[in-house]
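The block underneath contains the structure these notes are about, expressed in structure tokens.
Here, each number is a calculation from the coordinates, and none is a lab measurement. None of the values given here were measured: they were computed from a predicted structure. When we count neighbours, we look across all protein chains shown, and the Cβ atoms used for this are built from the backbone with ideal geometry, even at glycine.
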Amino acid sequence: MSSTAKKWLLGCGLGCGIPLLLVIAVSLVSGLRMMKPLNEAVDAQKELIASFGTRDEWVPPVDGLTPDRLERFLAVRDSLNPICADFTKIAVKFRNVGELDSGGEKAGKLEVLKAAGGVTGAVFSFAGNIGRFTTARNRGLLAAEMGLGEYIWIYVLAYNSDLGHPPNVDFDDKESDSRYAAQERDVIRGLMARHADALAEADRGEEADLWRAEAGRLENSDSDGVPFPDGSLPPEIADKL
């Protein structure tokens, strides 16, 4: 990937602490009917699935990534930056309490009350911000005519595999556990398996075997879930990035 393209990708945000596979559970929202952002997120989620299917149904194309699809992906990422800034503000409030607790000097009552009040407000606003983030992402995907499966595919290959950025970036861009969760790894391997099947159907068996071998490595090793790390992506993907 050229240095200009790398800067463009990095400028569109690397995660802002939001799980890559984030969806809003309908059962959760049914118990929180007063939370309008969550209800709106579910509505947008249903519309996205109706238009493009679930993330587990999407099949990555054999010809890799195209400039048009990358531009659409980046437009979605760019639209989420303002909401990511809101999550950063929430993280600062939690961090302030941690600093008071770990400081060498005893904090005054006013400082403690102020920090605690900030955390209380942050807790109540967090669910709403999750709803707004999910709604914005899903609406952005609808506008870009892109499903969640393709979004995940491009995100993982561009940010993690090609750029080498670790999974699970915290709100302040510090690494957390730097691993995809088990469910996330299952989804990523599923995308790889369907891509391999599509390559095999196109009489590109050698390339299909490469993807299957890498999916097997991810399943059988204690990896972070990132396919083809350290810039070792196959040509049909790497050449487009």
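Extension gain for Arg204 to Glu71 (0.36 nm times residue separation, less C-alpha to C-alpha distance): 45.2 nm. Given a Förster distance of 45 Å, report the FRET efficiency between Ser232 and Ala50 from their Cβ-Cβ distance, rounded to the nearest 0.05. Computed FRET efficiency for Ser232 and Ala50: 0.75. Electrostatic tally near Ser232: other residues with Cβ closer than 11 Å to its Cβ, Lys and Arg +1, Asp and Glu -1, net -3. D by Stokes-Einstein for the range 183-241, Kirkwood Rh over Cα pairs, 10 °C, 1.306 mPa s: 135 µm²/s.
How charged is the neighbourhood of Gly53? Take every other residue with its Cβ under 15 Å from the Cβ of Gly53, and add Lys/Arg as +1 and Asp/Glu as -1.
Working: positive: Lys46, Arg55, Arg194; negative: Glu47, Asp56, Glu57, Glu145, Glu150.
Charge balance in the 15 Å sphere: -2.
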